[in-house]
Amino acid sequence: MGHSDRPVQDCQHLTVHHEHGSQASYTQDGCRCTWCTSANTVAKRQHRTALAYGTGGGLVDAAPVRKHLKALRAAGVSLQRIVQASGVAQGAVNALVYGAPARNRPPSGQVRTHTAQRLLACDPTTTALPDGSRVTAAGTRRRLQALACAGWSTPALADRTTLTRRTLTRLLTGTANSVTAGTDRTVAALYERLRLAPPPQRTPLQRTLARQTAAAAQTAGWRARTPGTTSTTIPTRPGRRPAGRTPTT
């Protein structure tokens, strides 16, 4: 089946909206477009990898996570903002908070470890910030550098996000001291999607880019983040340089 022959199905749900390019759109809306099919493939691969390494495959008590979400909402953070900041599917968050009343299902009693980690990492200060607010670029830079350590080149990342190659390069090399909260959330979601996925290596050029990117990251002294770890962003005044020195290439 060619790309143009794949059936496209928009979300018809009334209480949630599943974006194209997500596993939720593939599984819950039945969309088989190229982006949704790819997202489902990556999500399954990440899950298998997490099980193999023992990171994120288990279940934990959902009560502390639900309590954290309640605190976030009390601080003025909407569920939609939490979904955007954490990268967790809207359906999973709704099940955790509301359950499924129409099916007489109570809120989730357990949640996957990696889902809990993503939601607990949401900070009420930074998660509630409007997209245009400025935050330190440290967390954004470290996520991108961790992906570079795994061989994810700037062109490959640019193909999977709305950020340009030039912007990604500035963030990687540390020439950007602060970013918008929207960019911070975009990179956080990108990192969660790709952190356990191998970079594209179907063509000789892709394989070369992956090797060169990983080698350059090692030379620069960048570090791959341990699967399951999280970091939060801290609001900063524009022009204020975060502490620490970032290697450049």
_Residue-span extension gain [R166 to R32] - 0.36 nm each, minus C-alpha spacing_ = 45.1 nm
*Between S78 and R103, what is the FRET efficiency for a Förster distance of 25 Å, r being their Cβ-Cβ separation, to the nearest 0.05?*
0.55
*Using the scaling law 2.2 N^0.38 Å as the reference, what is the normalised Cα Rg of region 99-153?*
1.68
_Long-range HN-HN contacts of A100 with modeled amide H, under 5 Å_ = R105
_Hz values of 3J(HN,Hα) by residue in region 178-185 - Karplus curve (6.51, -1.76, 1.60), Gly and Pro given as x_ = 9, 9, 6, 4, x, 5, 4, 5
*Part-to-part distance (alpha-carbon centres) for region 122-176 and region 182-201, which is given in Å*: 9 Å
*region 134-220: D in µm²/s via Stokes-Einstein (Kirkwood Rh, Cα pairs, 10 °C, 1.306 mPa s)?*
124 µm²/s
*asked:* Output wanted: per-residue J couplings in Hz (rounded whole) for region 67-77, from phi through Karplus 6.51 cos²θ - 1.76 cosθ + 1.60, θ = phi - 60°, x for Gly and Pro.
replied: 5, 5, 5, 4, 5, 4, 5, 5, 7, x, 8
*Could you list which residues have their amide H under 5 Å from that of Q110, counting only those 5 or more apart in sequence or on another chain, with H placed in the peptide plane?*
A62
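Readers should treat all values here as calculations from the given coordinates under stated rules, not as data from a laboratory. Given the structure is predicted, the values throughout are model-derived calculations rather than measurements. Here the Cβ is made from the backbone with ideal geometry for all residues, glycine too, and neighbour counts use every protein chain on show.
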